[in-house]
Amino acid sequence: MNILLIGPQGSGKGTQADLLAPKFNLIKIATGDLFRSAMASGSQLGESVRRYYDQGELVPDDVTLSVVAERLDSIGEDGVAGAIFDGFPRNLAQAAGLDEALASRTLRVDHVIELVVPEDVLVNRLSGRRVCSKCGAVYHTEFQPPRSENVCDVCGGELIQRADDTPDAIQRRLKLYSEQTAPLLDYYRPRGVLQQIDGNRPIEEVQRDLEAAVVEPANA
Ligand code: AP5
């Protein structure tokens with residue numbers, strides 16, 4: 001089972017992907033996470049994506065597609081039942097590239113879930129987001145606080161603010177979403193795989209509906 005989570009920045013894709021992946025034995029393919037760990041490791045890939053990332057711009061499609069294709073090979077190995085994609089694809093070229101990469105492995109996109117959240121809520125979520133500098137776990141100062149201030153519940157790492165969660169980069173990312181990513185909804189809708197979920201509710205309620213959506217056939 002391969003699931004795409006689509007939604008603007010701050011809609012909760014990463015939060016929900018982390019909860020869903022272990023329940024269905026899926027690997028999480030989150031291009032933003034992959035780029036962040038490449039930058040943290042100081043690799044060549046990390047250096048090549050940093051200027052796009054910090055400005056809130058999209059990393060070039062060829063780089064993004066090759067990073068994703070590499071991860072697809074683990075589907076079917078060691079009980080991995082599929083993938084949940086978070087933050088990918090982000091434009092029509094990436095969606096077409098994903099279709100091709102999946103088809104060459106006799107796989108396909110089974111569910112596309114759009115998380116719907118109003119813009120003022122998104123800005124509030126992104127401004128209060130904190131992430132673990134070691135393991136990448138996501139928190140919010142108000143909605144999902146850690147047990148001890150600035151300390152990760154999972155690994156004890158220090159919590160930091162992401163470099164692209166600045167007011168300017170947030171505005172740029174939200175604009176890019178409506179221009180480049182939102183059109184993907186029309187790309188997937190005719191296939192009958194697209195469902196919408198109200199993401200402006202507590203994390204547990206969104207999670208419950210998301211789980212129901214991927215065990216029942218898509219009908220939108
Ligand atoms: P990426 O890491 O994918 O970031 P994003 O798309 O900007 O998405 P976010 O991580 O901001 O939002 P999210 O929906 O995952 O929200 P989250 O769950 O964290 O990409 C970063 C950059 O990498 C891009 O700008 C680009 O440069 C590059 N990149 C990545 N993919 C690319 C691609 N495919 N092509 C080209 N470039 C690419 O939640 C946000 C906050 O809200 C958290 O604090 C959380 O605790 C809180 N929260 C979540 N759910 C709820 C809820 N229900 N109620 C209250 N609070 C909630």
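The values are calculated or read from the model by the stated rules, or taken from the named source; none is laboratory data. The structure presented is a predicted model; accordingly, all values stated were derived computationally and were not measured. No Cβ is skipped: glycine too gets one built from the backbone with ideal geometry, and neighbour counts run over all protein chains shown. Side chains included, ligands, DNA and RNA excluded: accessible areas come from the protein's heavy atoms. Shrake-Rupley method; radii C 1.70, N 1.55, O 1.52, S 1.80 Å.
Taking 0.36 nm per residue of sequence separation and subtracting the Cα-Cα distance, how much length would be gained by fully extending the chain between Q180 and E70, in nm to one decimal? Mind showing how you got there, number by number?
Numbers: separation 110, 0.36 × 110 = 39.60 nm, distance 2.39 nm.
Extra length available between Q180 and E70 comes to 37.2 nm.
Nearest-5 percent of antiparallel DSSP beta bridges in the chain? Kindly include the intermediate steps, with their values, before the conclusion.
Numbers: 8 of 25 bridges.
Counting only bridges with both partners in the chain, antiparallel ones make up about 30 percent.
Would you list, by chain and number, the lysines whose Cα falls below 22 Å from the Cα of K175, excluding same-chain residues fewer than 8 positions away?
Hits, sequence-local ones excluded: K13.
Please give the solvent-accessible surface of T181 in Å², to the nearest 10, using a probe radius of 1.4 Å with every protein chain present.
10
Could you give me the ³J(HN,Hα) list for segment 86-100, computed from phi with Karplus coefficients 6.51, -1.76, 1.60 and θ = phi - 60°, whole Hz, x at Gly and Pro?
Taking θ as phi minus 60°, the curve returns 10, x, 8, x, 10, 7, 5, 5, 5, 5, 5, x, 5, 4, 5 Hz for segment 86-100.
Between E100 and D61, what is the label-point separation in nm under the 7 Å Cα-to-beta-carbon projection?
It is 0.9 nm.
May I ask for the equivalent-ellipsoid semi-axes of the chain, computed as the square root of five times each C-alpha gyration tensor eigenvalue and listed largest first in whole Å? Could you put the intermediate results ahead of the total?
Working: eigenvalues 123, 84, 68 Å².
Equivalent ellipsoid of the chain: 25, 20, 18 Å, largest first.
Using 19 Å as the cut-off for backbone N distance, which residues of segment 1-38 belong to the label zone defined by a point 7 Å from the Cα of C135 along Cα→Cβ?
14-30, 33-34, 36-38
Using a cut-off of 13 Å between beta-carbons, work out the net charge of the residues near V116 (Lys and Arg +1, Asp and Glu -1, V116 not included).
Values: positive: K13, R201; negative: E114, E119, D198, D209.
It works out to a net charge of -2.
Identify all aspartates and glutamates with a Cα-Cα distance to K28 below 12 Å; exclude those on the same chain that are fewer than 8 residues away in sequence.
D18, D86
Pop out the ³J(HN,Hα) list for segment 119-133 in order, Karplus 6.51 cos²θ - 1.76 cosθ + 1.60 with θ = phi - 60°, rounded to Hz; leave Gly and Pro as x.
Ordered by residue, 3J(HN,Hα) equals 4, 5, 5, 4, 4, 5, 5, 5, 5, x, 5, 10, 10, 6, 6 Hz.
Under 8 Å for C-alpha pairs, at least 6 residues apart: give me the relative contact order for the chain, rounded to a whole percent. Can you show the working numbers first?
Numbers: 333 pairs, mean separation 62.5, N = 220.
That works out to 28 percent.
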